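In what follows, a structure is listed as structure tokens, so that the remarks can point back to it.
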Amino acid sequence: MAEFQFGKDGVVYYSATLFTATSGSGSASTLLAGATEFDKVRDVTLAMQSDYVDPTTRALAKSGWKSEVPTTRSAQVDFVMNWIDNNTICEVIRDSMLNNTEIAIAALTNDRASSGAQGLCGNFIASFTMNQPIGDVITCDVSLRLSSMPHWHEVT
């Protein structure tokens with residue numbers, strides 16, 4: 001078995017049907033079955049981080065240490081995509097940004113049918129920067145920020 005996976009095998013899916021409290025990881029497969037691949041994307045980055053609080057007591061501080069405890073988490077999916085007028089995926093990103101509407105997103109390590117593929121699923125809000133260089137194609141730097149219903153999905 002290979003000791004690595006190729007980035008080209010990762011897949012970002014979107015669905016017009018949002019994840020809900022009842023569509024956790026068990027029914028995520030059903031939602032993903034009807035999802036559409038973002039096929040115009042280039043490099044994808046999934047970033048997840050925690051916020052921390054400092055509950056350090058004087059007793060701990062006297063020993064030369066401080067304490068940090070994770071509280072809430074956040075996540076975002078960033079990628080560059082080729083912009084194409086009247087393309088459904090470009091319109092989904094644009095409309096999410098302009099209307100502050102959520103998009104159901106799954107950023108998986110492989111195709112939704114591949115056993116072992118995994119990644120973050122949830123509802124996201126989009127923002128983007130459009131790039132129109134003279135000597136290249138029009139692209140968008142897209143940032144999808146997690147807004148609701150996060151869960152880690154693993155294909156079994």
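Determine the relative contact order of the chain: mean sequence separation of Cα pairs under 8 Å and six or more apart, normalised by residue count, in whole percent.
Values: 308 pairs, mean separation 41.1, N = 156.
That works out to 26 percent.
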* Do any chymotrypsin sites (Phe, Trp or Tyr not before Pro) in segment 65-156 lie in a loop, going by DSSP, with at most 10 other beta-carbon atoms within 10 Å of their beta carbon, and if so which? -> W65
* Would you compute, for the Cα atoms of segment 9-77, the largest minus smallest coordinate along each principal axis and list the three values in descending order, in whole Å? => 57, 32, 17
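Per-residue ellipticity at 222 nm for the chain, helices alone: DSSP H runs ≥ 4 residues times -39500 (n - 2.57), over residue total, nearest 500 deg cm²/dmol?
Taking each H run of at least 4 residues, the total per residue is -4500 deg cm²/dmol.
Please work out how much length the chain gains when fully extended from T72 to E3, using 0.36 nm per residue of separation minus the C-alpha to C-alpha distance, in nm with one decimal.
Numbers: separation 69, 0.36 × 69 = 24.84 nm, distance 3.23 nm.
Gain on stretching T72 to E3: 21.6 nm.
Among residues other than T109 whose Cβ falls under 13 Å from its Cβ, what is the net charge (Lys/Arg +1, Asp/Glu -1)? Mind dumping the intermediate values first?
Numbers: positive: K8, R112; negative: D9, D111, E154.
So the surrounding residues net to -1.
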* Sparsely packed trypsin sites (Lys or Arg not before Pro) within segment 1-86, loop by DSSP, other Cβ within 10 Å at most 13 -> K66
* Once the dipole of the chain is set up with Lys and Arg at +1 and Asp and Glu at -1 on Cβ about the Cα centre, which of T57, F128, A106 lies farthest towards its positive end? -> T57
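Run the dipole for the chain about the Cα centre, Lys and Arg Cβ at +1, Asp and Glu Cβ at -1, nothing else charged, and hand back the magnitude in debye, nearest 20. Provide the component values of the computation, followed by the final result.
On the way: 10 positive and 17 negative charges, 123 e Å.
Using Cβ point charges on Lys, Arg, Asp and Glu, the chain gives about 600 debye.
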* Which entry is the computed P(r) over Cα pairs in 10 Å bins from 0, in percent for this structure: (1) 9, 30, 31, 23, 6, 0; (2) 10, 34, 29, 15, 9, 3, 0; (3) 8, 25, 28, 20, 9, 6, 3, 1? -> (2)
* In segment 1-131, with Lys and Arg counted as +1 and Asp and Glu as -1 at Cβ, which of these residues, A35, L46, A16, has the Cα nearest the positive end of the dipole, that is, farthest along it? -> L46
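Which residues make up the longest stretch of the chain clear of GluC sites (Glu not before Pro) that lie in a DSSP loop with no more than 13 other Cβ atoms within 10 Å, not counting the sites? Walk me through the intermediate numbers first.
Details: sites that count: E3, E68.
By the stated rule (loop sites, at most 13 other Cβ atoms within 10 Å), 69-156.
Laboratory data are not the source of any read-out in this text; all were calculated from the coordinates shown. Because the structure is predicted, anything quoted here is derived from the model rather than measured. Cβ atoms come from the backbone with ideal geometry, glycine included; neighbour counts cover every protein chain shown.
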